[in-house]
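Novice: Sharing a structure below in structure tokens format, with a few things to ask.
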Amino acid sequence: MLNPAPILALDQATILKIAAGEVIERPACIVKELIENAIDARATHIEVNIQNGGLDEITVKDNGHGISSAQLELAIRPHATSKLGHVEDLDTLVTLGFRGEALASIASISELNLRSRTANDKVGQQIVSKYGDIVAQKPCALPFGTTVTVTSLFLNVPARKKFLKAPSTEKQHIERVLQRASLTHPEIAWDFTADSSSVFSLKPVKSLKTRIHDVYGREIASHLLAIEHTQNEMSVTGYISDQSLHYARSQALWIFVNGRPVQDKTIHSAIMEGYRTALMEKRYPFALISLNMPAFEVDVNIHPRKSEVRFRRSQDIYRLVAGAIQRSLEPSASIPSTTYQVSLGNTSSPMTQSSVSNIFMDTSNQVFHDHKAPYEANLEKDLSYPMKYLGHIDHTYLIFSDSKNLFIVDQHAAHERILFEQFKNRPSDTRLAQHCLIPKVLELTPKEDAILKQIYSTLLAIGFEIETFGHHTYLIRMVPSCIGNKYPKLILMDLLHDKMVSQPNTSWDDLQDDLLSRMACHSAIRAHDTLTQSEIDRLLTDMQKTRLSSYCPHGRPTYVQYSIFDLEKLFYRK
Ligand code: ADP
Ligand code: MG
């Protein structure tokens, strides 16, 4: 009788190769993972170069926060991640998928060259690995950020290589991944080059609508309709083309569920149903549809790459999407039949909660600042309705109405958020130093001095120039231009005092955000300040233009909103 073969545990390299086979099906998957990392690293400019459909080479270059040289090797180790801190609960962990395996998987099936330089580094550092084995690590010349180059793809997994399509098809897949990313991140500049010629180059823009124009060409502008509808904790928002603009293929359909791009037959056919009589047969519209619903309504774990989902109430979703599209195609019927989902004060519904956490969670799946959250959606809609200023309470709360909603705005919190975003969105090259007209003298106590020394190198990295000027005394010569000349000393002292009680934060980004929010706080209109009518008007328009404007940098709401429905509930009419 034949002995059964012994059961052997697979070694780590084999496990990775198998996992890579599932996740990294084709070059476009690599591009997707690399750009998600760049987005996570808060890059504002991402460049993608491919050769021969990505089969010969994929390079993704970003200007994000980089990886320190000590951590470079860890980055390509399996299950090494710097992102778990952002994952609050197991549920989120499950929906995000396992962490820290993308670079390791890619490295296991290719030659990977990872170069990175943080704001604190004088030069870059590079690491080269061949099918998972590190073959070189050395300093290199590099601007701030990270550049990953992948070559020899799948050479050690010939079976996988056989499944690849023609380079031109692989290129199209990559282009689609990049288009989708550019539509989810209008605030990022994107450059895509294939075989040394530019495919597209998109400058950063403020709104999703502008980005749609840039991707699809200006003529789409006059054909775009905003859609927005909420029913039973499910909301649909986005843009669709009117009936006069259509395509031969369904390439211009983009579907997102809770911020995640998905392919879904239900939603696809709901979109087509929405257009039913409006389009000729075999013609497809442009539609970018973003659905938000409580996490329990949708199962995302049925597909290894999570691009397919299963809905608990797919009939309701079908009706919601089809209905929303129908209504916006017939302007006469476009008066919303249901009221928008809002939260009263801080008691939020599950949907609002999930949207809010999506805004603040810094993950690759966090997308759609422009129109995803109900708050944002409402704001965009408000732009079309003139808002009437009704008065203030205690020179602190401004009251507005658009005749369907009552808005109470906290003037300080709102202004703080606006300034914070303005400071943050200044182009990064002007973000750095600016000379103080007159150097400011900083006299510190020994304790303050000790804190300053701890965060000194980070302060230099973000644009301060502070020089020793005697015992516990310093001269501030240059300040980051985001901080400007107004209150550098005050802000720095505040920071030092705060850091005495809490652990000094030495990361570049955190300290920068910290300084920006202090700056915003100091420069913002205060509570009890009397505002002129033009200041009030300005605040309102700025609020409507500002991303995340429904929360101040400290996470307090900047306004609360009561719809007619909410008022009816308060007065027990409903
Ligand atoms: P994950 O993104 O799930 O953490 P990855 O394997 O994609 O796992 O990346 C591993 C780690 O490498 C990340 O957590 C991050 O710290 C670092 N990293 C990868 N790419 C970049 C990048 N472009 N910029 C900065 N850090 C990066
Ligand atoms: Mg990643």
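The values are calculated or read from the model by the stated rules, or taken from the named source; none is laboratory data. The shown structure was predicted, so the numbers you read here are calculated from the model rather than taken from an experiment. When we count neighbours, we look across all protein chains shown, and the Cβ atoms used for this are built from the backbone with ideal geometry, even at glycine. The area values use the complete protein model at the heavy-atom level, side chains included, leaving out ligands, DNA and RNA. Shrake-Rupley method; radii C 1.70, N 1.55, O 1.52, S 1.80 Å.
Novice: Leaving out ligands and nucleic acids, and using a 1.4 Å probe, what accessible area per residue does segment 97-188 come to in Å²?
Specialist: 43 Å²
Novice: Setting aside same-chain residues fewer than 8 positions from LYS122, which aspartates and glutamates have a Cα under 19 Å from its Cα?
Specialist: Correct list for LYS122: ASP62, GLU73, ASP429, GLU465, ASP509.
Novice: Please work out the Cα convex hull volume for segment 208-332 and give it in Å³ per residue.
Specialist: It comes to 108 Å³ per residue, whole-number rounded.
Novice: LEU153: net charge of surrounding residues, Cβ under 11 Å, Lys/Arg +1, Asp/Glu -1, itself excluded?
Specialist: -1
Novice: Strictly over 21 Å apart at the Cα level, which of LYS489/LYS545; LYS32/LYS282; LYS404/LYS569 would you flag in this model?
Specialist: Pairs exceeding 21 Å: LYS489/LYS545; LYS32/LYS282.
Novice: Report in % the part of the accessible area of segment 208-332 that belongs to carbon and sulfur, leaving out ligands and nucleic acids; probe 1.4 Å.
Specialist: 47 percent
Novice: What nm distance separates the two modelled labels at CYS436 and ALA450, each placed 7 Å from Cα along Cα→Cβ?
Specialist: About 2.4 nm separates the two model spin labels.
Novice: For HIS392 and ASN120, calculate 0.36 nm times their separation in residues minus their Cα-Cα distance, and state this gained length in nm to one decimal.
Specialist: 93.2 nm
Novice: Under a 1.4 Å probe, what is the accessible area of segment 208-332 per residue, stated in Å²?
Specialist: 44 Å²
Novice: Something else about it: Starting from the Cα-Cα distance between TYR247 and VAL135, subtract it from 0.36 nm times their residue separation and give me the gain in nm to one decimal.
Specialist: Difference between extended and current length: 35.5 nm.
Novice: Label points 7 Å out from Cα along the Cβ direction at HIS528 and LYS161: separation in nm?
Specialist: Placing both labels 7 Å along Cα→Cβ, they lie 7.4 nm apart.
Novice: Mind giving me the FRET efficiency for ARG319 and THR541? R0 is 45 Å, r the Cβ-Cβ distance, nearest 0.05 is fine.
Specialist: With R0 = 45 Å, the Cβ-Cβ based efficiency is 0.80.
Novice: Give the shape of segment 12-202 as rounded, prolate or oblate, defined through the alpha-carbon gyration tensor: a ≥ b ≥ c are the square roots of its eigenvalues, a/c under 1.5 means rounded, and otherwise the shape is prolate if a/b is larger than b/c and oblate if not.
Specialist: Taking the square roots of the gyration eigenvalues as a ≥ b ≥ c, segment 12-202 is rounded.
Novice: If you take the square roots of the eigenvalues of the alpha-carbon gyration tensor of segment 139-199 and sort them as a ≥ b ≥ c, do you get rounded (a/c under 1.5), prolate (a/b over b/c) or oblate?
Specialist: Here segment 139-199 falls in the oblate category.
Novice: Between GLU330 and ALA70, what length comes free when the chain is fully extended (0.36 nm per residue of separation minus the Cα-Cα distance, one decimal in nm)?
Specialist: 87.7 nm
Novice: Quick check: pseudo-label points 7 Å beyond the Cα along Cα→Cβ at LYS206 and PHE296, how many nm apart are they?
Specialist: According to this spin-label approximation, the distance is 4.1 nm.
Novice: Say R0 is 45 Å: what FRET efficiency, to the nearest 0.05, do ALA5 and ARG176 get from their beta-carbon distance?
Specialist: Taking R0 as 45 Å, the efficiency between ALA5 and ARG176 is 0.55.
Novice: Next up: Heavy atoms only, 1.4 Å probe, whole protein assembly: order LYS489, LYS165, LYS282, LYS424 by accessible area, highest first.
Specialist: The ranking, largest first, comes out as LYS282, LYS165, LYS489, LYS424.
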